[in-house]
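To start, the structure under review is shown below, and the notes come after it.
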Amino acid sequence: QVQLEESGGGLVQAGGSLTVSCVASERAFNTYKMGWFRQAPGKEREFVAAISGSGRLTYYVDSVKGRFIISRDYTKNTVGLQMNSLKPEDTAVYYCAADGSGTRWPNLRPSSWGRGTQVTVSS
């Protein structure tokens, strides 16, 4: 099972930018679809963005389209989420997830989760 560790969370003002990153322990990193989820206080965890194993395909929840960019670096086994034009409603714990199951794109069935990193957007 791949181990995931997030970093890069913090406090930012509305309209600002922040990038969170996730490093994966798995050598076969390119065989995993990777994704980001988030969970706000009192709410269920929700999907945010996904990137295919090849990196050629990306998919976003409507609320972040045009503002967030997911990417991956195969030399460092990392996946990043660049978040621009942040809004207070983006405040949440952001989780990195890995899916090696071969589920049809763009569906994700994560088998591994990171511990999460807090992102807080002040108004």
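A few notes on this one:
- Residues in segment 51-61 carry Karplus couplings, in order, of 9, 6, x, 7, x, 7, 10, 9, 8, 9, 6 Hz; the curve used is 6.51 cos²θ - 1.76 cosθ + 1.60 with θ = phi - 60°, and Gly or Pro positions show x.
- Gain on full extension, evaluated as 0.36 nm per residue between residue 52 and residue 105 minus their Cα-Cα distance, stands at 18.3 nm.
- Candidates 65, 43, 33, ranked by Gaussian network fluctuation over the chain, Cα under 10 Å, top entry: 43
- In straight-distance terms, cross-link reach from residue 43 covers every one of the lysines whose alpha-carbon lies under 29 Å from its own, apart from those fewer than eight places away in the same chain; here that gives 33, 65, 87.
- Once the mean of 1/r is taken over each pair of separate Cα atoms and inverted, segment 83-123 shows a Kirkwood hydrodynamic radius of 12.1 Å.
- Computed FRET value (nearest 0.05) for residue 31 with residue 65, which takes r as the C-beta separation and R₀ as 30 Å: 0.65
Computed from the coordinates by the stated procedures, all read-outs in this text should not be read as laboratory data. This one's a predicted model, so the numbers in the text were calculated from it and none came from an experiment. Cβ sites come from the backbone with ideal geometry, for glycine too, and all protein chains shown count toward neighbours.
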